[in-house]
Amino acid sequence: MRYVSTRGTMTPSRFRDILLEGLAPDGGLAVPERYPQVDRATLARWRRLDYPALAFELLSLYIDDIPAADLRALIERTYTAQAFGSAAITPLTTLEPGLHLLELSNGPTLAFKDVAMQLLGNLFEYVLAGSGAQLNILGATSGDTGSAAEYAMRGKRGVRVFMLSPHEAMSPFQTAQMFSLMDENIHNIAIRGVFDDCQDIVKAVSADLAFKAKWRIGTVNSINWARLLAQVVYYFRGYFAATASEDEYVSFCVPSGNFGNICAGHVARRMGLPVRRLMLATNENNVLDEFFRTGLYRPRGSSETRQTSSPSMDISKASNFERYVYDLVGGDGARVAALWREIDQRGAFDLAVSGEFARVGDTGFVSGYSTHADRLRTIRGVHQRSGRIVDTHTADGIKVARERREPDETVVCLETALPAKFEATIVEAIGQRPPRPAGLQDLEQRPRRFEVMAADTAAVKRYIEHHAHR
């Protein structure tokens with residue numbers, strides 16, 4: 001298996017070559033040259049596998065330059081009942097007839113990002129140990145990526161983490177979860193701005209090829225193909241849990257900000273998983289919903305990005321969207337590069353004008369969005385009917401799933417986090433605090449270690465130079 005860039009000029013590379021990288025040298029994202037195809041007989045065989053065995057079968061299709069025994073051992077060490085609360089890893093529960101919830105938030109930081117990040121940490125350590133190299137990870141977070149990455153990388157040999165987050169824009173729980181880590185290899189940088197400012201800095205540093213090479217800069221954001229690949233596994237697991245045979249189809253509804261989680265669903269569908277539709281749910285920052293309704297992709301600036309009660313989706317520039325557009329235009333890297341030049345020059349591109357938007361239906365995507373009032377109603381309604389408390393982002397997904405679901409459609413909503421991470425909004429919705437896992441009762445009172453900086457790429461580079469591995 002070889003990987004190319006969405007912008008068409010990267011030399012085809014193996015998995016280990018792209019694992020430790022962020023952006024491709026041409027500014028694009030790594031994608032496989034082809035999507036392996038999974039037939040019904042293979043699905044029937046995979047249905048009987050537990051989570052680690054399924055992950056090994058699927059990841060082996062994309063990772064053929066790590067010995068099979070080593071890859072299996074890495075996966076089995078990652079996906080344990082001890083780390084994820086049960087042997088199921090991502091159990092499925094039913095909210096109401098035809099509407100299910102795939103629980104993805106039982107890992108160490110109570111968010112779906114743990115499912116991929118825990119594996120990524122083990123992969124990084126394995127590859128670095130084999131080469132004796134060091135890696136400085138630069139990432140951006142709107143809430144959950146940061147803590148999931150830091151908990152996966154803390155104490156890992158040869159790895160330092162520099163995580164950018166928008167200053168005072170995450171929930172108190174998310175902030176404390178990150179800033180209370182005292183591990184020597186973890187560095188939290190609070191940027192005065194919004195998530196997109198943080199993401200822009202990460203991309204700018206990655207685009208400086210000399211700096212990136214000198215300081216061995218890698219990434220754990222969902223622009224990293226390995227992270228997205230690990231997320232593909234739970235779409236297959238969720239499909240098997242929601243069906244009895246391979247003749248059935250399932251739709252998935254996914255809260256989405258940076259387009260990584262739902263892009264993994266797109267990959268699963270391209271591979272042959274019987275996915276009827278992919279329902280994208282956004283919050284008030286509805287850039288992606290606007291595209292899937294109209295064909296216009298118009299990223300917003302910092303001043304137009306709203307701070308909401310589902311803060312992990314307060315994103316107006318969806319990095320992984322480029323992988324989807326690459327598929328939408330038939331794998332034409334030059335066309336993708338031209339579209340992103342349009343964004344740089346004019347602030348948007350419109351695929352309805354060019355006619356390429358007509359192909360969106362073939363990819364199964366539909367979309368919707370949710371407001372603060374919507375998520376309060378959804379949280380309250382789910383609690384009243386089932387006794388279950390869902391977090392704000394998951395509520396956005398449930399709202400859109402109910403809105404878009406057709407009478408004969410089975411929909412699996414992807415849970416994004418446990419409600420304890422967004423306590424204030426839960427109290428506003430149902431008048432009570434959500435349960436908090438043992439050991440986290442005093443989280444917000446713990447000492448913190450972080451730096452506050454302006455949204456200045458040069459300043460971040462200087463900080464990295466002072467604290468990084470060489």
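A short reminder: the numbers here are calculations on the coordinates, not readings from a lab. Treat the numbers as computed from the prediction; the structure is a model and nothing was measured. Note: ideal-geometry Cβ built from the backbone for every residue, glycine included; neighbour counts use all protein chains shown.
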Which one of these does residue 400 not meet: (1) over 26 Å from residue 177 (Cα atoms); (2) surrounded by 18 or more Cβ atoms within 10 Å (Cβ to Cβ); (3) touching a helix residue (DSSP H, G or I) at 6+ places or on another chain (Cβ under 7 Å)? (3)
Within the stretch 55-102, track down each residue that is assigned to a loop (DSSP other than H, G, I, E, B) and not aliphatic (A, V, I, L, M). 62, 64, 65, 67, 79, 80, 85, 86, 90, 91, 97, 98
If I ask for residues that are crowded, with 24+ Cβ neighbours inside 10 Å and in a helix (DSSP H, G or I), which ones from the stretch 268-286 would you list? 268
Can you tell me which residue in the stretch 43-101 is surrounded by the most Cβ atoms within 10 Å (Cβ to Cβ), limited to those that are acidic (Asp, Glu) and over 30 Å from residue 408 (Cα atoms)? 57
Among the residues of the stretch 434-441, is any over 19 Å from residue 147 (Cα atoms) and either free of Cβ contacts under 8 Å to residues at least 12 places away in the same chain or not basic (Lys, Arg) (or both)? yes
Any chance residue 244 is part of a loop (DSSP other than H, G, I, E, B), free of Cβ contacts under 8 Å to residues at least 40 places away in the same chain and among the hydrophobic types (A, V, I, L, M, F, W, C): yes
Within the stretch 427-447, count every residue that is over 19 Å from residue 108 (Cα atoms), in a loop (DSSP other than H, G, I, E, B) and in contact with a helix residue (DSSP H, G or I) (Cβ under 8 Å, 6 or more places away or on another chain). 2
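Residues checked against (1) closer than 20 Å to residue 111 by Cβ; (2) out of contact with any strand residue (DSSP E or B) (no Cβ under 8 Å at 6 or more places or on another chain); (3) not polar (S, T, N, Q):
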site: 176; (1), (2), (3): yes, yes, yes
site: 188; (1), (2), (3): yes, no, no
site: 206; (1), (2), (3): no, no, no
site: 251; (1), (2), (3): no, no, no
site: 254; (1), (2), (3): yes, no, yes
site: 263; (1), (2), (3): yes, yes, yes
site: 266; (1), (2), (3): no, no, yes
site: 274; (1), (2), (3): no, no, yes
site: 278; (1), (2), (3): no, no, yes
Which ranges mark the helices (runs of 4 or more DSSP H) fully within the stretch 313-365 that have 3 or more residues being closer than 29 Å to residue 272 by Cβ and in contact (Cβ under 8 Å) with a residue 12 or more places away in the chain? 321-328, 333-346
